[in-house]
Amino acid sequence: MAKKRSSQDSGQTVRCSFCGCPAEGDKVFVPSADGSSYICEDCVNTIEEAIKGFKNTSAIPAGGKTPDMDLEKIPKPKEIFDFLNGYVIGQESAKKYLSVAVYNHYKRLGQPSDDETDIEKSNIIMVGPTGTGKTLLAKTIARLLDVPFTIVDATVLTQAGYVGEDIESLLTRLLQVADYDVAKAERGIVFIDEIDKIARKGDNPSITRDVSGEGVQQGLLKLLEGSVVNVPPQGGRKHPEQRMIPVDTKNILFICGGAFDGIERKIAQRLNSHVVGYSNTARKGVDRDNFLQYVAPQDLKSFGLIPEIIGRLPILTHLEPLDRDALRRVLTEPKNAITRQYEKLFRMDGVELVFTPEALDLIVDKAIEYKLGARGLRSIVETVMMDAMFELPSCEEKHFEVTANYALKKLEEANFELNRQD
């Protein structure tokens, strides 16, 4: 029977036979059958977690055969594209690339194991300014997929041995989504956000160790290309005693996204460096308002990605900056549009919320003025609606209209006008 023990019970100090800690305070110690040894509650919990880990990892070893997929039930690229259209405004090029890549990923999983032609996966990298929908595309496509899908952030990753997250933690998240089913996780999709934040910090990496830049890129190589990686099921450093799970990344599709702020200058330099005839002039027909549409692998290399990782991300697509018309559509058209969300919140309190067209135009103008993209729309609407959301649930009013004058007044009261970027 478990009991609390102290050194005063028998005149001698009782210690845990596993970790050797003495019986102090309120810690519970469990004696053996003959009472000659004890185990503390911390060691009991550790053993319990270890047993659960062994049970979770004993199902299917890495590299095991994944269940065959029914090709007839796989959503076609146009079906995936149409589904994305319901939630993401514009970005037709990026949606087309994503739709084809995901469809081909499904077909790779359904390929017979005895087929002589081995279809290689095509990892994707998306380049686009902040607030253009990179993360939204990833979250939206996850709704449709029948494979494990997870979104991870590259900014927390560091080279092995340094403070931060190990690179293998990307697969830990995927294992958790797949309920630690290794075979299911080995056919999943991982979206790595903020991939530009691990770019090489300088031209000469030998001066100081770039532990959160080039070192992380080199560590990602084996994951992107496909190899058996030992993954800590509960995170690498908090549970050093846990058993590693071998995961084969050969069939895991990686989608990377990043803003790559300033890459336009690299693209402009490349386009202007070509010699035409006998004079060094800019290439004709170049849209100087949107250099991002001309992004190429060499621009990623100039930005700070190493050639090896660029080669493992063969599909490169870009997201267009959102103009005024696109931002206006983002406010009202998607199934989860910002205005629809607030209308639903007020409807739950029995209040009918209406945004006038002039108020919507003002919100869009402010988002362009503050240079925050679609992500800024939410913060502006939240600022405008804060007082109404505070007062209306306690009032008898059943109808509320947001006008341009009301929106501008609330932005001024919140000092939003002082945040304007001139």
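The values are calculated or read from the model by the stated rules, or taken from the named source; none is laboratory data. Just so we're clear, the structure is a prediction, and the values are computed from it rather than from any experiment. Here Cβ is always computed from backbone atoms with ideal geometry, including for glycine, and neighbour counts include all displayed protein chains. The protein model used for the area step is the full one, side chains on, heavy atoms only, and it has no ligands, DNA or RNA in it. Shrake-Rupley method; radii C 1.70, N 1.55, O 1.52, S 1.80 Å.
Couple of notes before you dig in:
- Relative contact order (%) - criterion: Cα under 8 Å, at least six apart; region: the stretch 77-154: 36
- Model label sites at M389 and R324, defined 7 Å from Cα along the beta-carbon direction, differ in position by 2.8 nm.
- Placing E308, E320, E116 in order of accessible area, with the largest value first and a 1.4 Å probe, yields E116, E308, E320.
- When +1 charges are put on Lys and Arg Cβ atoms and -1 charges on Asp and Glu Cβ atoms, the dipole computed for the stretch 310-422 relative to its Cα centre reaches about 680 debye.
- Added length on full extension, which subtracts the Cα-Cα distance from 0.36 nm per residue, V44 to K73: 5.8 nm
- 3J(HN,Hα) couplings calculated from phi for the stretch 368-373 with the Karplus curve 6.51 cos²θ - 1.76 cosθ + 1.60 (θ = phi - 60°) are, in sequence order, 5, 5, 7, 6, 10, x Hz; Gly and Pro show x.
- Estimated FRET transfer efficiency when R0 is 35 angstrom, pair L145-S379 (beta carbons, to 0.05): 0.75
- J(HN,Hα) series, the stretch 333-348, from Karplus relation 6.51 cos²θ - 1.76 cosθ + 1.60, nearest Hz, glycine and proline x: 8, x, 5, 10, 4, 4, 5, 5, 5, 6, 4, 5, 4, 6, 5, 5
- Projected onto their three principal axes, the Cα atoms of the stretch 255-414 cover extents of 75, 34, 26 Å, largest first.
- Here the simple spin-label model places points 7 Å from the Cα toward Cβ, and for E116 and V100 these points are separated by 2.7 nm.
- Full-extension gain in nm, A33 to L271, via 0.36 nm per residue minus C-alpha separation: 77.7 nm
- Residues whose placed amide H lies under 5 Å from that of V231, excluding near-sequence neighbours: I245, V247
- Cβ crowding within 10 Å averaged over residues, with 323-330, 21-28 ranked highest first: 323-330, 21-28
- Most to least packed among 127-133, 42-48 [average Cβ atoms within 10 Å]: 127-133, 42-48
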